[in-house]
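**Q** There's a structure below that I have some questions on.
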Amino acid sequence: MQKVKALVVTGNGTNCEMEMAHACRLGGADVVDIVHIYQLLSGEKKLDDYHFLNLPGGFLDGDDLGSAKANAIRLRYAGTPQGESLFEQICRFVHKGKLILGICNGFQLLVKLGLIPALAGSITQEATLTFNDSGRFEDRWVYLKLNTNSPCVFTCDLQKLYLPVRHGEGKFIPADEQVLQTLQRHNLIVAQYSDPKYKRPVMDYPLNPNGSMEAIAGICDQTGRVFGMMPHAEAFLHFTNHPRWTRENIPAEGQGVALFRNAVEYIRKNL
């Protein structure tokens, strides 16, 4: 059986790569490499050698030009020794049926590259993530209601999650009403900020920590293989990560591991 190879990209302010790599290992990936972005741009490491691309959180380029915008420009236009941009390599990666997960700053990067939601196959930016309505950095745990009708590979068989957010620019805004309606119609809204009983999406602060339209916390493309979310799944891998682990009976495995296990199992079955 071919080994599942996961790549975690670091550099230029990213600071969650160690946790994301650990999540890939816990999820069952056979090979997990943390690679600096300039190793990809220089050709030292090749994206084609991997099955699962992980874009972790952090403060890419100090969030200059807005969250992840500078890096989106870099990836789209910076050339590589192969004579193509890294963005072109990422598009080929997706076309081959491989998986991409972007969390927090990684989610922002996917959105600003146009890789999600990528409606009708277009690779243009159709949404953005901007400053939280609170006007400040939010560091808190949130309840997430998951769309069980979504094609998202990562949330297969999951209905809810409890995860932390750590961001200053997490408010999701679609480009227009048509984009929002398409997201809803095709079940591409994967995760929404919820009430504590996971009954309904909420717009009330602090349950919705940033004011995202329709309480959107994560979306995917129409294949379900490219997924981005603001909450940090890689930050809840063990029960001691939970804020109430000394006061509640919590399973040893953190809820975030399930997303990475789903990804690895999909790769084993399909790639």
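The values are calculated or read from the model by the stated rules, or taken from the named source; none is laboratory data. Computed from a predicted structure; not experimentally measured. Neighbour counts run over all protein chains shown; Cβ positions are idealised from the backbone, glycine included.
**Q** Looking only at the range 112-126, decide whether some residue is in contact with a Pro (Cβ under 9 Å, 6 or more places away or on another chain), hydrophobic (A, V, I, L, M, F, W, C) and either under 26 Å from residue 6 (Cα atoms) or modelled with pLDDT of 95 or more (or both).
**A** As a first pass, look at the range 112-126 and keep what is in contact with a Pro (Cβ under 9 Å, 6 or more places away or on another chain): 117, 126.
Within this subset, residues satisfying the condition of being hydrophobic (A, V, I, L, M, F, W, C) are none.
Checking the range 112-126: not a single residue is in contact with a Pro (Cβ under 9 Å, 6 or more places away or on another chain), hydrophobic (A, V, I, L, M, F, W, C) and either under 26 Å from residue 6 (Cα atoms) or modelled with pLDDT of 95 or more (or both).
**Q** Still on this structure: Against the condition over 16 Å from residue 72 (Cα atoms) and over 17 Å from the mean Cα position of the chain (by Cα), how does residue 184 come out, does it pass? Step through it out loud before you land on a result.
**A** Values: over 16 Å from residue 72 (Cα atoms): yes; over 17 Å from the mean Cα position of the chain (by Cα): yes.
Against the criterion (over 16 Å from residue 72 (Cα atoms) and over 17 Å from the mean Cα position of the chain (by Cα)), residue 184 qualifies.
**Q** Given the conditions (1) within 17 Å of residue 153 (Cβ to Cβ); (2) buried (at least 21 other Cβ atoms within 10 Å of the Cβ), which single one is not true for residue 105?
**A** (1)
**Q** Mind listing just one residue for me: the one in the range 77-97 that is under 18 Å from residue 52 (Cβ atoms) and outside any helix (DSSP H, G or I) and, of those, nearest to the chain's Cα centre (by Cα)?
**A** This residue is 97.
**Q** Any chance the range 203-223 includes a residue that's part of a helix (DSSP H, G or I) and among the acidic types (Asp, Glu)?
**A** First pass over the range 203-223, keeping only residues part of a helix (DSSP H, G or I): 213-215.
From the residues that got through so far, the ones that are among the acidic types (Asp, Glu) too are 214.
Within the range 203-223, one or more residues are part of a helix (DSSP H, G or I) and among the acidic types (Asp, Glu).
**Q** Out of the residues in the range 47-76 that are in a loop (DSSP other than H, G, I, E, B) and either at pLDDT 95 or above or surrounded by 21 or more Cβ atoms within 10 Å (Cβ to Cβ) (or both), which is farthest from the chain's Cα centre (by Cα)? Break it down stepwise before answering.
**A** So the first thing to find is which residues in the range 47-76 are in a loop (DSSP other than H, G, I, E, B), and the list is 50-51, 56-57, 59, 64-68.
Then keep just the ones that are either at pLDDT 95 or above or surrounded by 21 or more Cβ atoms within 10 Å (Cβ to Cβ) (or both); that gives 50-51, 56-57, 67-68.
Details: 50: 17, 51: 16, 56: 7, 57: 9, 67: 14, 68: 13 Å.
The qualifying residue farthest from the chain's Cα centre (by Cα) is 50.
**Q** Ok, one more. Given the criterion in contact (Cβ under 8 Å) with a residue 40 or more places away in the chain and farther than 23 Å from residue 168 by Cβ, identify the matching residue among 91, 24, 16.
**A** Details: 91 fails: in contact (Cβ under 8 Å) with a residue 40 or more places away in the chain; 16 fails: farther than 23 Å from residue 168 by Cβ.
Sole residue among the options that is in contact (Cβ under 8 Å) with a residue 40 or more places away in the chain and farther than 23 Å from residue 168 by Cβ: 24.
**Q** To continue, here is another question. Considering each of 145, 112 in turn, give the residue that is surrounded by 20 or more Cβ atoms within 10 Å (Cβ to Cβ), within 15 Å of the chain's Cα centre (by Cα), of a type in the set (Lys, Arg) and more than 26 Å from residue 270 (Cβ to Cβ).
**A** Just a single option satisfies the conditions, and that option is 112.
**Q** Another question about this same structure. Mind counting the residues in the range 27-46 that are crowded, with 18+ Cβ neighbours inside 10 Å and in a helix (DSSP H, G or I)?
**A** Selection size over the range 27-46: 3.
**Q** Right, another one. Can you spot a residue in the range 77-100 that is surrounded by 16 or more Cβ atoms within 10 Å (Cβ to Cβ), closer than 23 Å to residue 151 by Cα, in contact with a Phe, Trp or Tyr (Cβ under 8 Å, 6 or more places away or on another chain) and of a type in the set (Lys, Arg)?
**A** yes
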